[in-house]
Each structure stands twice: as structure tokens, then as C-alpha cells.
Amino acid sequence: MSLTPIGEPRHKITSATLHEKKRQHEPITCLTAYDYAMARLVDEAGIDMILVGDSLAMTMLGYENTLSVTVDEMLHHTRAARRGVKNALLVADMPYGSYHVDAGEAVRNAARFVKEGGAEVVKVEGGEKRAEMIRRIIDAEIPVAGHIGLTPQSIHMMGGYKVQGKTLSAIEQLMRDAQALHRAGVACIFLEGIPREVAAMITAEVETPTIGIGAGPDCDGQVLVIHDILNMTFGPAAKFVRRYGDAAAMITNAVLEFKADIGSRQFPADAESYHLPKETQAALATVLQRKRALRR
Ligand code: KIV
């Protein structure tokens, strides 16, 4: 057990905690984090789940979308986040292509996230059509999180980042997807970019906890990308993003002040410098004096 900054005792969060929170109508909190420092801060703030999302392709690596990030790149960040996390449930995204060919390869890649990355849950995108592969991963003792609605790895099939589930047939498909994921035994279902009414219906009808992003307030939990809430994304925010801080402004101001202090020779100050011990200073002064005398 450890303490949050406000002093509440904290316990290790597991998949069972998520289900218990759903039963007790207690909101589940989730944020992305992709490295040691950020994961540690998020964990110590008492967030329930930390997602090493493939959104790191854009936020950390500067790719245009999530499609090009590799298993090795995801593992590198998962390992770093792992070192910062004590209590939160650590979820890692399986990137595009790592579970799309066959179930055997999907299980092998999922196992790498557990063995090499220290992930406790792997997240895969897709519903009904991924259910059998998800079952195979769970059979290998690896908990899985589902992700349906606006699934960014399907951007080319969806024709862009578009809100999903807007017609009756799309709503029915989403419900079938959520039920298939529930039957497969996922730990939770991420609902992204769907109308509030549809997310509310899935959350009410499916026993598995739902975690929403752009899916309205009625999900069992909420997730956002940490770079979005800190204004670190260099572009306009999506409708569902709420900014809780301005890290971009804070970093820029700190860097500008540092640069100005060097320019005006105010950094480093004497107090920020190392000094010789008094005796060595005296000995050095004598040596320098003798050298000067010899040169005369
Ligand atoms: O990669 C990610 O950050 C995600 C969340 C947006 C759910 O999948």
C-alpha cells in the first residue's frame, strides 16, 4: 500500500478492481503515459489505469498517425513506463500489424508485452471480428482490453477520424462488438468517438467496464491522452479534450529564461558552481605566483 499526494491509502489496481468499480458506480480514471517520469507522476496522483497508447506514435515520435509505430518501439516505451508505475494497472497498446495476421503471432506479440514490457493488460482494436484472436490471447493468461468505435488503426478503412455509431445499423454493430468482447472475457472496453447515447447504452447493457474517450460522461471510466490535457500536441484540440494545464507554455518560458540568463551571464551563479577546498585554492595561488615570477 502507498499514499496518494492527498494521503489516501492506495492499493494495486487489477482487472478485478475495474469490475468492482463498475458494480459500485465509482468512476475509473485512465491517462496515457509513455515514459518513466510521466508514468510515475500519473501513478503517484492515484490514476487507476496507465495506458501506453499507440498515440505515442504522434505524441512522442512525431509520426503522422499510429500506423507506423512498431512492436519494438511500443516495448521501449512500455518498459520505461513500467519503471514508474506501482499501483496503477499498466495497459499497453498492441500496434497495427502485430495482431492482424494470425492468432499465433498475436499471442507471441502479446506475450512480449508482458515478458519484455511488464504490461499487465494488452489493448487491441476491433470488436466481433477480433473476438476469437482475443480469446486466444486470454487463453495464454494475458488480460486484454478491447477498443471499439473510432479505432485509429482503421483510419484508412474509416476514411479519416470520424465519429462512429451514428446510424441504427452502426449502433447495432457496436452493440454486437461490445457483447462479443464481453463474451471473450476482456478486462474493459475502450469506447472512442461515439455518440453519448450509444456509449450510455453499451455501458448499461454490457457487464464489462467501459472507458470512454469522446464517448460522453456515462461510461464507467474516462481516458484522455496526457499530451492533450497538458497542451503538448501543437494543434487544435478535439471537441472531447479538456485542457488542465499548459506544459507547452511552461516549457517554452523556462527555455527562453535559461537562454536569456546564459546570454546575460547570469547563469550559472557562483552558488551554482563547484569550488576548490580552501587549502587547494591557497596552494594553487602559490603555484601560479611562482610561474608568473619565473616568466619575469
Ligand atoms: O493510443 C491511445 O492513446 C488510445 C487512447 C486514445 C484510448 O488508444
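Looking only at region 96-130, which residues are surrounded by 20 or more Cβ atoms within 10 Å (Cβ to Cβ) and over 22 Å from the mean Cα position of the chain (by Cα)? If the condition is that a residue be surrounded by 20 or more Cβ atoms within 10 Å (Cβ to Cβ) and over 22 Å from the mean Cα position of the chain (by Cα), then R130 is the only one that fits.
For region 12-63, the candidate set comprises residues that are of a type in the set (S, T, Y), farther than 19 Å from I189 by Cβ and within 15 Å of the ligand (Cβ to nearest atom); within that set, the residue that is surrounded by the fewest Cβ atoms within 10 Å (Cβ to Cβ) is Y63. Per this entry, I189 is not counted among residues that are under 22 Å from the mean Cα position of the chain (by Cα), more than 12 Å from the ligand (Cβ to nearest atom) and in contact (Cβ under 8 Å) with a residue 40 or more places away in the chain.
Report whether or not M74 is in contact with a helix residue (DSSP H, G or I) (Cβ under 8 Å, 6 or more places away or on another chain) and surrounded by 23 or more Cβ atoms within 10 Å (Cβ to Cβ). Considered against the rule, which asks whether it is in contact with a helix residue (DSSP H, G or I) (Cβ under 8 Å, 6 or more places away or on another chain) and surrounded by 23 or more Cβ atoms within 10 Å (Cβ to Cβ), M74 comes out as yes.
Screening region 135-178 for residues that are among the β-branched types (V, I, T) and within 16 Å of the ligand (Cβ to nearest atom) and picking the one that is farthest from the chain's Cα centre (by Cα) gives V163.
Identify, please: which residue in region 25-49 is among the small types (G, A, S) and either at pLDDT below 95 or part of a loop (DSSP other than H, G, I, E, B) (or both) and is, among those, farthest from R243 (Cα to Cα)?
Step one: list which residues in region 25-49 are among the small types (G, A, S), which gives 33, 37, 39, 45-46.
Still in the list and also either at pLDDT below 95 or part of a loop (DSSP other than H, G, I, E, B) (or both): 33, 45-46.
Working: A33: 16, A45: 17, G46: 19 Å.
Of everything passing the filter in region 25-49, G46 is farthest from R243 (Cα to Cα).
The set of residues from region 204-223 being of a type in the set (V, I, T) and away from the ligand (no atom under 16 Å from the Cβ) comprises just one member, V206. Among the residues of region 234-247, those that are in a loop (DSSP other than H, G, I, E, B) and away from the ligand (no atom under 12 Å from the Cβ) comprise F234, G235, P236, A237, K239, R242, R243, Y244, G245, D246. Residues of region 154-177 that are more than 16 Å from E125 (Cα to Cα) and in contact (Cβ under 8 Å) with a residue 24 or more places away in the chain: K166, I171. For region 64-88, a residue qualifies if it is within 14 Å of the ligand (Cβ to nearest atom) and in contact with a Leu (Cβ under 9 Å, 6 or more places away or on another chain), and the qualifying residues are T66, S68, V69, E73, M74, H77, T78, A81. Restricting to region 222-252, name every residue that is of a type outside the set (A, V, I, L, M, F, W, C) and either without any contact (Cβ under 8 Å) to a residue 24 or more places away in the chain or in contact with a Cys (Cβ under 6 Å, 6 or more places away or on another chain) (or both). D228, N231, G235, P236, R242, R243, Y244, G245, D246, T252 - these are the residues of region 222-252 that are of a type outside the set (A, V, I, L, M, F, W, C) and either without any contact (Cβ under 8 Å) to a residue 24 or more places away in the chain or in contact with a Cys (Cβ under 6 Å, 6 or more places away or on another chain) (or both).
The values are calculated or read from the model by the stated rules, or taken from the named source; none is laboratory data. Predicted model only: the values in this text are computed from it and were never measured. Note: ideal-geometry Cβ built from the backbone for every residue, glycine included; neighbour counts use all protein chains shown.
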